Amino acid sequence: MLISEMNWMQAEAHLARDDRAVVPLGSTEQHAYLSLSVDSILASKMAEEAAAPSEALVWPVLPYGITPYFAAYPGTVTLGMETYGRILADILSSLHRAGARRIVFVNGHGGNNPGQTAAMEWLAGHPDTQVRWHNWWAAPATMGTVKNIDPLASHASWMENFPWTRLPGVEMPAVQKPMVDIDALKSRDPVSARILLGDGNYGGFYQRSDAEMAQVWAAGVAETRQVIEDWA
């Protein structure tokens with residue numbers, strides 16, 4: 001159920017009988033030939049589909065995250081770690097005031113992971129609440145499905161190329177890009193990182209079949225649904 005399709009009175013009544021809240025976390029950053037909003041699109045759609053059979057409320061995606069290494073690519077927006085942590089803490093406090101006590105962050109961007117520490121710090125003062133951090137693409141079954149299809153998969157490669165992250169009229173290169181030296185990439189400033197990385201794909205084919213992508217998506221939905229629905 002989407003909070004965007006409710007008024008405040010309906011939300012209040014709903015949270016009184018089901019205290020689950022699902023918040024997708026994304027990023028606005030380069031993804032080679034794919035949308036700059038890949039991480040936000042995927043986190044939002046994943047949260048909505050995974051929560052659909054249940055009564056858990058889904059909030060709108062947070063479209064900005066921590067991505068300083070892509071700062072030299074136009075369109076990328078990055079937040080500082082302290083800023084991001086404060087935003088997540090404010091979100092948690094707002095949800096808590098509204099009655100949410102079981103909160104799931106469905107994260108779509110690896111750079112956001114420092115936010116998990118911010119959530120843990122917030123939890124120290126709210127023992128009546130549980131917070132889960134779920135990197136949907138990196139969860140065991142989902143990543144296992146990716147590796148079974150093609151072990152060379154990475155940022156902005158085929159593993160993020162779904163029908164809903166492609167752009168009309170944009171052709172994908174029909175090659176398998178060699179994997180970039182990740183250690184060298186991490187040691188560079190944004191401008192020299194862009195020079196090393198080029199179009200933004202870390203390595204791998206740019207696109208695979210929609211049937212294979214459907215397998216990855218189904219694994220992600222099933223795993224994310226379990227996180228939303230199964231509570232001790």
- Task: Please work out which residue is surrounded by the fewest Cβ atoms within 10 Å (Cβ to Cβ), limiting yourself to segment 185-215 and to residues that are in a loop (DSSP other than H, G, I, E, B) and among the aromatic types (Phe, Trp, Tyr).
- Result: Tyr202
- Item | Positions within segment 120-140 being within 16 Å of the chain's Cα centre (by Cα) and surrounded by fewer than 19 Cβ atoms within 10 Å (Cβ to Cβ), in sequence order | Arg132, Ala138, Ala139, Pro140
- Test set (1) of a type outside the set (Asp, Glu); (2) within 30 Å of Ala218 (Cβ to Cβ); (3) touching a residue at least 24 places away in the same chain (Cβ under 8 Å) - Gly85 fails condition number: (2)
- Query: So is Pro74 under 19 Å from the mean Cα position of the chain (by Cα) and either at pLDDT 95 or above or under 22 Å from Leu197 (Cβ atoms) (or both) or not?
  - Reply: no
- Can you name the helices (runs of 4 or more DSSP H) wholly within segment 1-116 that have at least 2 residues being buried (at least 19 other Cβ atoms within 10 Å of the Cβ) and in contact with a Lys or Arg (Cβ under 9 Å, 6 or more places away or on another chain)? 38-51
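Considering Gly125, Gly169, Gly144, which residue is part of a loop (DSSP other than H, G, I, E, B), among the small types (Gly, Ala, Ser) and farther than 20 Å from Gln207 by Cβ?
Gly125
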- Listed residues Pro163, Pro168, Pro173; which is surrounded by fewer than 18 Cβ atoms within 10 Å (Cβ to Cβ), over 21 Å from the mean Cα position of the chain (by Cα) and touching a residue at least 12 places away in the same chain (Cβ under 8 Å)? Pro173
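The values are calculated or read from the model by the stated rules, or taken from the named source; none is laboratory data. The structure displayed is predicted, hence computed values, not measured ones. Cβ coordinates were reconstructed from backbone atoms using ideal geometry, including for glycine residues, and neighbour counts include every protein chain displayed.
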